[in-house]
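Chemist: Following this message is one structure expressed as structure tokens.
The values are calculated or read from the model by the stated rules, or taken from the named source; none is laboratory data. Everything numeric in this text was worked out from a predicted model, so none of it was measured. Cβ placement follows ideal geometry from the backbone for every residue including glycine, while neighbour counts extend to all protein chains displayed.
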Amino acid sequence: MALFLSTFLNKIDKKGRVSVPATFRSALSNQHFQGIVLYPSLKHPSIEGSGMDRFEKIADGIDDLNPFSEVHDDFTKAIFGQAYQLQFDRDGRIIIPDSLLLHANIKEQMVFVGQGRTFQIWEPLKLKELEIDVLKRVRDKHTSLKIKISDFKDE
């Protein structure tokens with residue numbers, strides 16, 4: 001599975017369409033559904049996005065919960081009930097539903113932010129505020145990644 005990398009600022013056109021970054025579309029080119037799945041972030045005033053393959057893995061995780069539990073019910077309503085499966089037009093554009101734009105307070109411009117196997121869509125100023133906080137937390141906590149040395153033996 002390819003990764004979603006980098007940050008892209010795009011405008012909503014007069015017909016309500018936005019172009020999905022070409023590198024994001026390329027990362028999805030091997031999937032059975034040529035489009036994306038979007039749903040409101042449960043943590044931020046942003047939109048979560050992925051390919052259908054990744055969204056199916058989220059479904060698998062929810063399926064592992066007790067189907068009669070409140071937690072299961074909450075996740076299914078919060079994610080599946082508010083998710084949209086959006087197919088690219090011939091120019092790689094989509095129309096993001098108003099409910100998602102309202103959740104993220106997006107009006108004219110949006111920022112696509114790679115998150116590795118997923119991505120987020122933000123209102124530009126809200127993203128700037130978050131980025132400042134995130135960098136400060138990483139620096140203050142001296143956060144570091146643990147990478148297996150065995151992963152680099154062939155290089």
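Chemist: Considering each of GLN34, GLN87 in turn, give the residue that is touching a Phe, Trp or Tyr at 6+ places or on another chain (Cβ under 7 Å), exposed (fewer than 15 other Cβ atoms within 10 Å of the Cβ) and not charged (D, E, K, R). Working first, answer last.
Modeler: Values: GLN87 fails: touching a Phe, Trp or Tyr at 6+ places or on another chain (Cβ under 7 Å).
Just a single option satisfies the conditions, and that option is GLN34.
Chemist: Within the set of pairs 6 or more residues apart or between chains, which connect a residue that is surrounded by 15 or more Cβ atoms within 10 Å (Cβ to Cβ) inside region 13-30 to a residue that is modelled with pLDDT of 95 or more and of a type in the set (Ser, Thr, Tyr) with Cβ atoms less than 8 Å apart?
Modeler: PRO21/SER6; THR23/SER6
Chemist: Give LEU102, LEU65, LEU125, LEU135 a once-over and let me know the one that is outside any helix (DSSP H, G or I), free of Cβ contacts under 8 Å to residues at least 24 places away in the same chain, surrounded by 10 or more Cβ atoms within 10 Å (Cβ to Cβ) and of a type outside the set (Ser, Thr, Tyr). Write out each step before concluding.
Modeler: Values: LEU102 fails: outside any helix (DSSP H, G or I); LEU125 fails: outside any helix (DSSP H, G or I); LEU135 fails: outside any helix (DSSP H, G or I).
Checking each option against the conditions leaves just LEU65.
Chemist: With respect to the numbered conditions (1) surrounded by fewer than 17 Cβ atoms within 10 Å (Cβ to Cβ); (2) in a helix (DSSP H, G or I), which one is the sole condition not fulfilled by ILE58?
Modeler: Tallying (1) surrounded by fewer than 17 Cβ atoms within 10 Å (Cβ to Cβ); (2) in a helix (DSSP H, G or I), ILE58 fails exactly one: (1).
Chemist: When you scan region 72-82, do you find a residue that is part of a strand (DSSP E or B) and in contact with a strand residue (DSSP E or B) (Cβ under 7 Å, 6 or more places away or on another chain), even just one?
Modeler: Going residue by residue through region 72-82, those that are part of a strand (DSSP E or B) are none.
Taking every residue of region 72-82 in turn, none turns out to be part of a strand (DSSP E or B) and in contact with a strand residue (DSSP E or B) (Cβ under 7 Å, 6 or more places away or on another chain).
Chemist: Against the definition (outside any helix (DSSP H, G or I) and farther than 22 Å from LEU38 by Cβ), how does LYS107 come out, yes or no? Give the derivation first.
Modeler: Values: outside any helix (DSSP H, G or I): yes; farther than 22 Å from LEU38 by Cβ: no.
No.
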